[in-house]
1. Which residue, D29, D59, D37, has the most motion in a Gaussian network model of the chain that connects Cα atoms within less than 10 Å?
2. Which values, in whole Å and largest first, are the semi-axes of the equivalent ellipsoid of the range 1-56 obtained as the square root of 5 times each eigenvalue of the Cα gyration tensor?
3. How much accessible area per residue does the range 14-76 have, in Å², with a 1.4 Å probe?
4. Under 15 Å from the Cβ of A77, count the other residues' Cβ atoms, weight Lys and Arg +1, Asp and Glu -1, and hand me the total.
5. Roughly speaking, to the nearest percent, how much of the chain's 1.4 Å accessible area is carbon and sulfur?
6. Taking the chain as a Gaussian network, where each spring joins two C-alpha atoms under 10 Å apart, which residue of L73, L33, L49 fluctuates the most?
7. Counting trypsin sites (Lys or Arg not before Pro) as exposed when in a DSSP loop with at most 12 other beta carbons within 10 Å, what is the longest stretch of the chain free of them?
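The values are calculated or read from the model by the stated rules, or taken from the named source; none is laboratory data. This is a predicted model, so every value here is computed, not measured. In this analysis, Cβ positions are derived from the backbone assuming ideal geometry, glycine residues included, and neighbour counts consider all displayed protein chains. Each accessible area value is taken on the protein alone, full model and side chains, heavy atoms only, with ligands, DNA and RNA left out. Shrake-Rupley method; radii C 1.70, N 1.55, O 1.52, S 1.80 Å.
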Amino acid sequence: MNHLVPTNDGAWRLPNHAHLVVYERERSDRGLLTIYDCGATQGPPKAQLLGTLADVAADAVIEPTPTGQVVSLREAATLERIAEDRYRIV
């Protein structure tokens, strides 16, 4: 499921206060990225993507969790696919 606005092939626009929940598995397995419009929203996620988050270059607060991390953006950004099942935020 992906309802994000595409910017080009393999890249999507993330809103200013996007909230990403990243579930990480063992090193050899891909994880799950769940993307919400805002951390305070009670709505369903905008997207769920299988893969791992390699890097965050945008202004964000990153909180580690027992199952991965939570990324709360502080500015509009772009989610880019850098390889199959690997993403970064710029």
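1. Answer for the Gaussian network model of the chain: D29.
2. After diagonalising the Cα gyration tensor, the semi-axes are 19, 15, 10 Å.
3. The answer is 59 Å² per residue.
4. So the environment of A77 carries a net charge of 0.
5. 46
6. L49
7. Between the exposed loop sites, the longest stretch runs 28-73.
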